[in-house]
Amino acid sequence: MAYKVKPSKPVAVFSAVGGLAVLVFVLVNGIGRGNGFIWLWAALCVGVVGFNLWAAFSKRGATEVVERQHADKP
């Protein structure tokens, strides 16, 4: 038997808003410096925001799956 685990909507939305704030900060302070790391950081922020919104609002939005072992299996 497997159980899906997902964050509460307020936590997921708060994390998405925090990721969006970091994304805005990175784009405002990082554009024009010619540093590829800025774009990597921005892509990571977009991924965090998307993942948290998916986890918050999708019916199947589980962040992890916990499986229950049977007593006869080690």
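The values are calculated or read from the model by the stated rules, or taken from the named source; none is laboratory data. What you are looking at is a predicted structure, and each value in this text was computed from that prediction instead of being measured. Positions of Cβ are backbone-derived with ideal geometry, glycine not excepted, and every protein chain shown enters the neighbour counts. Keep in mind that these areas ignore ligands, DNA and RNA; they rest on the heavy atoms of the full protein, side chains included. Shrake-Rupley method; radii C 1.70, N 1.55, O 1.52, S 1.80 Å.
Within segment 30-54, how many residues turn out to be farther than 22 Å from SER8 by Cβ and touching a residue at least 12 places away in the same chain (Cβ under 8 Å)?
Residues that pass the stated criteria total 5.
What pairs can you find where one residue is in segment 9-29 and in contact (Cβ under 8 Å) with a residue 40 or more places away in the chain, the other is assigned to a helix (DSSP H, G or I) and surrounded by 12 or more Cβ atoms within 10 Å (Cβ to Cβ), and their Cβ atoms are less than 6 Å apart, with a gap of 6+ or different chains?
LYS9/ALA56; ALA12/ASN52; ALA12/ALA55; ALA12/ALA56; VAL13/ALA56; ALA16/VAL49; ALA16/ASN52; ALA16/LEU53
Give the number of residues within segment 1-49 that are within 20 Å of LYS59 (Cα to Cα), among the hydrophobic types (A, V, I, L, M, F, W, C) and in a loop (DSSP other than H, G, I, E, B).
Count: 1.
Scan segment 35-50 and tell me whether some residue there is at pLDDT below 80, open to solvent by 60 Å² or more (accessible area, probe 1.4 Å) and touching a helix residue (DSSP H, G or I) at 6+ places or on another chain (Cβ under 7 Å).
no
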